[in-house]
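Chemist: Starting off with a structure, shown below.
The values are calculated or read from the model by the stated rules, or taken from the named source; none is laboratory data. The model shown is predicted, which means the values in this text are computed figures rather than measured ones. Every residue, glycine among them, receives a Cβ derived from its backbone with ideal geometry; neighbour counts consider all protein chains shown. All accessible areas refer to the heavy atoms of the entire protein, side chains included, with ligands and DNA or RNA removed. Shrake-Rupley method; radii C 1.70, N 1.55, O 1.52, S 1.80 Å.
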Amino acid sequence: MIRISSQFDSGAIEVLDCSDVSNIRLNLPSDNAAAFRQWFHFRLQGARGQACSISFENAGQSAYPAGWDGYRVVASYDRRSWFRLSAGQYDGERYTFRITPEFDSVYFAYFEPYSWERHLELLGEADAAPVATVSDLGATPDGRDLNLITVGRPAPGRRNVWITARQHPGETMAEFYVEGLLRRLYDTSDPVSRRLLERACFHVVPNMNPDGSVRGNLRTNAVGTNLNRAWREPDMQGSPEVALVRAKMEATGVDMFLDIHGDETLPFVFIDGNGMVPGFTDAHREQERRFTDALLAASPDFQMAEGYAPDRFTDELLTLASKWVYHRFGCLALTLEMPFKDNANLPDGLFGWSSARSQRLGAATLQALLAALDDRAAN
């Protein structure tokens with residue numbers, strides 16, 4: 001008997017018809033309190049050895065329909081090892097992929113899930129690291145803890161580096177990135193990490209949107225707020241996550257800021273800076289250049305040729321985290337984007353863009369942060 005289920009952490013799918021394995025019809029569900037849809041995560045049981053054709057009937061109504069062109073579903077039999085299926089077919093309305101499962105149970109997801117249990121394990125690693133501490137900034141709408149990992153000790157002359165991830169909960173590569181960055185930062189035998197902690201204290205929010213993550217949302221929290229459009233005027237009813245992080249930033253100050261994301265459409269790793277924000281100076285431009293040059297040297301996955309088109313400034317831009325932080329603190333503040341698909345400049349036929357590559361990019365970013373800190377010290 002064929003069965004499709006999603007009643008687990010970050011599970012999300014709507015079943016229309018699974019009576020025929022050659023024509024399984026599904027819908028992508030919307031976020032619980034908003035109209036965004038693209039994330040999926042579900043389990044197929046009972047189809048071992050059978051040629052399955054699975055369609056998302058409403059793919060054309062998703063938040064980023066262009067994201068289905070060339071997209072390859074992520075799959076796993078054991079929820080530990082994830083791989084990519086062959087590219088599906090997208091006709092502008094339906095996205096269809098095929099698989100002949102090797103086992104009775106197989107999981108599918110838009111990107112490799114980052115579970116709440118793994119998040120708690122990440123906090124445990126931080127507690128066990130001599131250079132790190134874990135604290136809670138407050139509660140989310142669903143009552144979950146909003147966790148802050150602090151690495152290093154505040155001291156006169158030390159910079160405050162802030163990193164946030166998963167404002168958009170479906171962008172799970174962001175927390176894998178943070179995991180890789182933190183593990184290298186904890187390593188006191190790594191000369192880059194040691195030098196960084198001599199010069200800076202790191203404040204890391206690995207998951208800005210715990211409720212949306214567990215609920216299986218793509219972009220919003222439990223009450224339907226897109227957190228990365230709430231930074232100008234957050235409130236404790238609709239966007240407490242942002243309000244709490246902003247309050248802590250005001251207490252510590254911010255000398256550098258990275259906001260980590262994933263992009264559904266563009267198959268590249270890239271950054272978005274603040275050249276359009278009033279007050280952007282040649283010195284700020286040089287600091288962005290110093291950071292990007294160092295990241296280019298540290299990771300071949302990073303590039304500067306592709307990215308977002310320059311925006312014309314309006315006050316609406318200040319609802320975005322990196323734009324608000326730059327405007328408020330006048331510091332290096334960047335949005336870093338990774339692909340849901342693959343890195344077109346360095347494709348991987350088996351895994352595409354993956355959790356492992358996200359972790360390696362996070363670790364490599366420490367080299368770029370050190371270069372930017374050196375640049376500030378020199379000035």
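Chemist: Residue by residue through the range 230-267, note down the ones that are open to solvent by 20 Å² or more (accessible area, probe 1.4 Å), under 12 Å from residue 161 (Cα atoms) and assigned to a helix (DSSP H, G or I).
Modeler: 252
Chemist: Across the range 314-341, which residue is farthest from residue 252 (Cα to Cα) among those that are out of contact with any helix residue (DSSP H, G or I) (no Cβ under 9 Å at 6 or more places or on another chain) and open to solvent by 20 Å² or more (accessible area, probe 1.4 Å)?
Modeler: 314
Chemist: Hey, any hits in the range 276-283 for a residue that's aromatic (Phe, Trp, Tyr) and either within 20 Å of residue 199 (Cα to Cα) or surrounded by fewer than 23 Cβ atoms within 10 Å (Cβ to Cβ) (or both)?
Modeler: Yes - at least one qualifying residue is present in the range 276-283.
Chemist: Out of curiosity, is residue 344 surrounded by fewer than 19 Cβ atoms within 10 Å (Cβ to Cβ) and in a helix (DSSP H, G or I)?
Modeler: On the way: surrounded by fewer than 19 Cβ atoms within 10 Å (Cβ to Cβ): yes; in a helix (DSSP H, G or I): no.
Considered against the rule, which asks whether it is surrounded by fewer than 19 Cβ atoms within 10 Å (Cβ to Cβ) and in a helix (DSSP H, G or I), residue 344 comes out as no.
Chemist: Could you list, in sequence order, all residues of the range 347-368 that are open to solvent by 10 Å² or more (accessible area, probe 1.4 Å) and either assigned to a loop (DSSP other than H, G, I, E, B) or aliphatic (A, V, I, L, M) (or both)? Lay out the reasoning, then the answer.
Modeler: Taking the range 347-368 and keeping what is open to solvent by 10 Å² or more (accessible area, probe 1.4 Å), we get 347-351, 354-357, 359-360, 363-364, 367.
If the condition is that a residue be open to solvent by 10 Å² or more (accessible area, probe 1.4 Å) and either assigned to a loop (DSSP other than H, G, I, E, B) or aliphatic (A, V, I, L, M) (or both), then 347, 348, 349, 350, 351, 354, 356, 363, 364 are the ones that fit.
Chemist: For the range 321-341, which residues satisfy the criterion of being farther than 14 Å from residue 275 by Cα, in a loop (DSSP other than H, G, I, E, B) and not aromatic (Phe, Trp, Tyr)?
Modeler: The answer is 341, and nothing else.
Chemist: Considering each of 352, 279, 362 in turn, give the residue that is modelled with pLDDT of 95 or more, within 28 Å of residue 241 (Cα to Cα) and either of a type outside the set (Ser, Thr, Tyr) or out of contact with any Leu (no Cβ under 7 Å at 6 or more places or on another chain) (or both). Please lay out each step first, then the result.
Modeler: Values: 352 fails: within 28 Å of residue 241 (Cα to Cα); 279 fails: modelled with pLDDT of 95 or more.
Every option except 362 fails the conditions.
Chemist: State all residues of the range 11-39 that are more than 25 Å from the chain's Cα centre (by Cα), surrounded by fewer than 19 Cβ atoms within 10 Å (Cβ to Cβ) and either at positive phi or not β-branched (Val, Ile, Thr) (or both); if no residue qualifies, say none.
Modeler: Once the filter is applied, which keeps residues that are more than 25 Å from the chain's Cα centre (by Cα), surrounded by fewer than 19 Cβ atoms within 10 Å (Cβ to Cβ) and either at positive phi or not β-branched (Val, Ile, Thr) (or both), the range 11-39 yields 16, 17, 19, 20, 22, 23, 25.
Chemist: Scan the range 300-320 for residues that are in a loop (DSSP other than H, G, I, E, B), of a type outside the set (Ser, Thr, Tyr) and modelled with pLDDT of 95 or more and report the count. Please lay out each step first, then the result.
Modeler: Restricting attention to the range 300-320, the residues satisfying the condition of being in a loop (DSSP other than H, G, I, E, B) are 300-301, 303-314, 320.
With of a type outside the set (Ser, Thr, Tyr) added as a condition, the list becomes 300-301, 303-307, 309-313, 320.
Filter again for modelled with pLDDT of 95 or more, leaving 300-301, 303-307, 320.
The qualifying residues number 8.
Chemist: A further question follows. Would you check if residue 55 is outside any loop (DSSP other than H, G, I, E, B) and either open to solvent by less than 70 Å² (accessible area, probe 1.4 Å) or within 22 Å of residue 91 (Cβ to Cβ) (or both)?
Modeler: yes
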